[in-house]
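Student: The structure under discussion is supplied below as structure tokens; questions concerning it will follow.
The values are calculated or read from the model by the stated rules, or taken from the named source; none is laboratory data. Bear in mind that the values here come from a model prediction, so they are computed numbers and not experimental data. Here the Cβ positions follow ideal geometry from the backbone for every residue, glycine too, while neighbour counts run over all protein chains shown.
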């Protein structure tokens with residue numbers, strides 16, 4: 001069992017005891033559970049993709065995102081949002097919208 005506590009620390013339960021875990025462990029566990037299914041679906045995605053990860057994201061690190069997303073989506077553009085954790089829409093909304101608008105404005109029109 002995986003769970004987030006109110007203080008956003010992530011724990012997992014093993015043999016009836018709770019243990020602290022990094023967000024990468026939790027994310028990796030979720031990804032591994034659907035790995036083959038995700039890989040098959042990911043191969044069909046050709047749309048431009050911007051993946052934003054918070055500089056201080058305690059749940060999913062930049063290293064994890066680069067290692068896993070680029071394997072699934074080699075064309076993805078990965079950027080780190082400075083001074084941000086896991087919720088850029090709440091923590092740095094102006095920066096998030098600026099990055100999204102800049103990315104979308106570079107795409108060719110349909």
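Student: List the number of the failed condition for residue 109; all other conditions in (1) more than 22 Å from residue 37 (Cβ to Cβ); (2) at pLDDT 90 or above hold.
Tutor: (2)
Student: On to the next question. Restricting region 67-78 to residues that are closer than 18 Å to residue 48 by Cβ and surrounded by 15 or more Cβ atoms within 10 Å (Cβ to Cβ), which is nearest to the chain's Cα centre (by Cα)?
Tutor: Top of the filtered list is 69.
Student: State all residues of region 88-110 that are exposed (fewer than 14 other Cβ atoms within 10 Å of the Cβ) and touching a residue at least 12 places away in the same chain (Cβ under 8 Å); if no residue qualifies, say none.
Tutor: To start, the set of residues in region 88-110 that are exposed (fewer than 14 other Cβ atoms within 10 Å of the Cβ) comprises 89-90, 93-94, 97-98, 100-102, 104-110.
If the condition is that a residue be exposed (fewer than 14 other Cβ atoms within 10 Å of the Cβ) and touching a residue at least 12 places away in the same chain (Cβ under 8 Å), then 100, 107 are the ones that fit.
Student: Are any of the residues in region 61-75 in contact (Cβ under 8 Å) with a residue 24 or more places away in the chain, in contact with a strand residue (DSSP E or B) (Cβ under 7 Å, 6 or more places away or on another chain) and under 25 Å from residue 38 (Cβ atoms)?
Tutor: Within region 61-75, not a single residue is in contact (Cβ under 8 Å) with a residue 24 or more places away in the chain, in contact with a strand residue (DSSP E or B) (Cβ under 7 Å, 6 or more places away or on another chain) and under 25 Å from residue 38 (Cβ atoms).
Student: Would it be correct to say that residue 46 is without any contact (Cβ under 8 Å) to a residue 40 or more places away in the chain, over 15 Å from the mean Cα position of the chain (by Cα) and surrounded by 12 or more Cβ atoms within 10 Å (Cβ to Cβ)?
Tutor: Working: without any contact (Cβ under 8 Å) to a residue 40 or more places away in the chain: yes; over 15 Å from the mean Cα position of the chain (by Cα): yes; surrounded by 12 or more Cβ atoms within 10 Å (Cβ to Cβ): no.
Answer is no for this residue.
Student: In addition: Could you list, in sequence order, the residues of region 55-110 that are over 22 Å from residue 42 (Cα atoms), part of a helix (DSSP H, G or I) and in contact with a helix residue (DSSP H, G or I) (Cβ under 8 Å, 6 or more places away or on another chain)?
Tutor: 88, 89, 95, 96
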